Amino acid sequence: MSTFPVTRLRRLRRTSGLRGLVRETRLGLDDFVMPLFIGPEALAYPDLPGLARHSVESVVAEADALSNLGVRAVILFGIPEEKDEEGSGAYDEEGIVQRALRALQGHGLVLFTDVCLCEYTSHGHCGIVRDGEVDNDETLELIARTAVSHVEAGADVVCPSDMMDGRIGAVRDELRDTPIVAYSAKYASAFYGPFREAADSAPSFGDRRGYQMDPANVREALRECEQDVAEGADILMVKPALPYLDVIRAARERFDHPLAAYNVSGEYAMIKAAAAKGFMDERDAALESLTAIKRAGADLIFSYWTKELASWL
């Protein structure tokens, strides 16, 4: 039975002050991690400034700017000068990420690193290729080796993103005290396009559907999370975020671990492109999207809007 006119839900929407007092979901810079791309030289993307590449030298200035704005954390992706079949630049002590990590010590940021081989392999896949297939078990040793090299160079948190079975356990066997963010539910998504251009990591043959998740599945995502928890993950990740809000919610309801979501490059690029055409307001659309990700259950959000959020929130 209706309780109108006694109940009027619009009462608490009348002013911005009232709306703020009863707001259920709030964004803060402490919730966000800014992705940074490090390459041999700085390279701008005028249409997607959040995806610009930095050199080791310029990333220090960017880190200082982010820290001064109140950003707490960054995740580093490396683009090496040379690539090979086994992605040796990923675990080289003088690799691009390792040098950036050493340069960023003492600059006030929590340093996450992407742990994968795709940016470093000549074929663009996330592991060792044998007879046209990615060899899961042979790849694990190199993933763990990469993670160890990052921690030795100064990483605070490592984030294995390759989607090989057993990768969290392999890293945990080598790193007892380092937090691990598991890209537990990383889908084979069409929304990674701008990232692959920025990171120069598109596969040269085939695709990644043999190891990244089928977009149709959610129960499988929870099994992936369960396996990563059992192997020693500290934080679980769903990637991408916006097309998989139901997966974020399902993971939030099942697990007590901190939950991260990656607001990926394609999600970012769509709003940027629409805003450039005058179809929507970028700030409003970005904040609405990020609020939806937080509302679905994410504790941490990896987003290219992190720097702009410092002035928006």
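General remarks:
- Couplings 3J(HN,Hα) for region 20-30, derived from phi with the Karplus relation 6.51 cos²θ - 1.76 cosθ + 1.60 (θ = phi - 60°), are x, 5, 10, 5, 8, 10, 10, 9, x, 4, 5 Hz, where x marks Gly and Pro.
- One equal scatterer on each Cα of the chain, no solvent, Debye formula: the resulting log10 I(q)/I(0) at q = 0.15 Å⁻¹ is -1.23.
- Of the chymotrypsin sites (Phe, Trp or Tyr not before Pro) found in region 246-289, those in coil by DSSP whose Cβ has at most 13 other Cβ atoms within 10 Å are 279.
- The chain: calculated mean residue ellipticity at 222 nm from DSSP helix runs of at least 4, using -39500 (n - 2.57): -11500 deg cm²/dmol
- Residues whose amide H falls under 5 Å from that of residue 115, counting only those 5 or more places apart or on a different chain, are 159, 161, with hydrogens built in the peptide plane.
- Using the 1.4 Å probe convention, the accessible area of the chain works out to 47 Å² per residue with neighbouring protein chains retained.
- With Rh defined as the Kirkwood radius, the inverse of the mean 1/r over Cα pairs, the Rg/Rh of region 201-313 is 1.01.
- Amide H contacts of residue 184: 237, each under 5 Å away and 5 or more positions distant or on a separate chain (H built 1.01 Å from N in the peptide plane; Pro and chain starts excluded).
- Fully extending the segment from residue 137 to residue 15 would add 38.1 nm, taking 0.36 nm per residue of separation and subtracting the current Cα-Cα distance.
- When a 1.4 Å probe is rolled over the protein heavy atoms, the share of accessible surface on region 78-220 that falls to carbon and sulfur comes to 42 percent.
- Projecting the Cα atoms of 25, 107, 96 onto the charge dipole of region 10-119 (Cβ charges, centred on the Cα centre) puts 25 farthest toward the positive pole.
- Over the chain, relative contact order from alpha-carbon pairs under 8 Å, at least 6 apart, %: 18
- Toward the positive end of the charge dipole of the chain, with +1 on the Cβ of Lys and Arg and -1 on the Cβ of Asp and Glu, the farthest Cα among 144, 121, 310 is that of 310.
- Simple spin-label estimate for residue 246 and residue 312 in nanometres, 7 Å along Cα-Cβ: 2.6
- Considering all C-alpha pairs of region 45-156, those separated by over 18 Å amount to 52%.
- Nearest-0.05 FRET efficiency for residue 69 and residue 42, computed from C-beta distance (R0 30 Å): 0.95
- Residues whose amide H lies under 5 Å from that of residue 52, counting only those 5 or more places away or on a different chain, are 45; hydrogens are built 1.01 Å from N in the peptide plane.
- Taking the square roots of 5 times each eigenvalue of the Cα gyration tensor of region 268-313, largest first, gives ellipsoid semi-axes of 19, 12, 9 Å.
The values are calculated or read from the model by the stated rules, or taken from the named source; none is laboratory data. Predicted model only: the values in this text are computed from it and were never measured. Please note: Cβ atoms are built from the backbone with ideal geometry, for glycine as well, and neighbour counts cover all protein chains shown. In case anyone asks, the SASA skips ligands and DNA or RNA and just uses the protein heavy atoms, side chains included. Shrake-Rupley method; radii C 1.70, N 1.55, O 1.52, S 1.80 Å.
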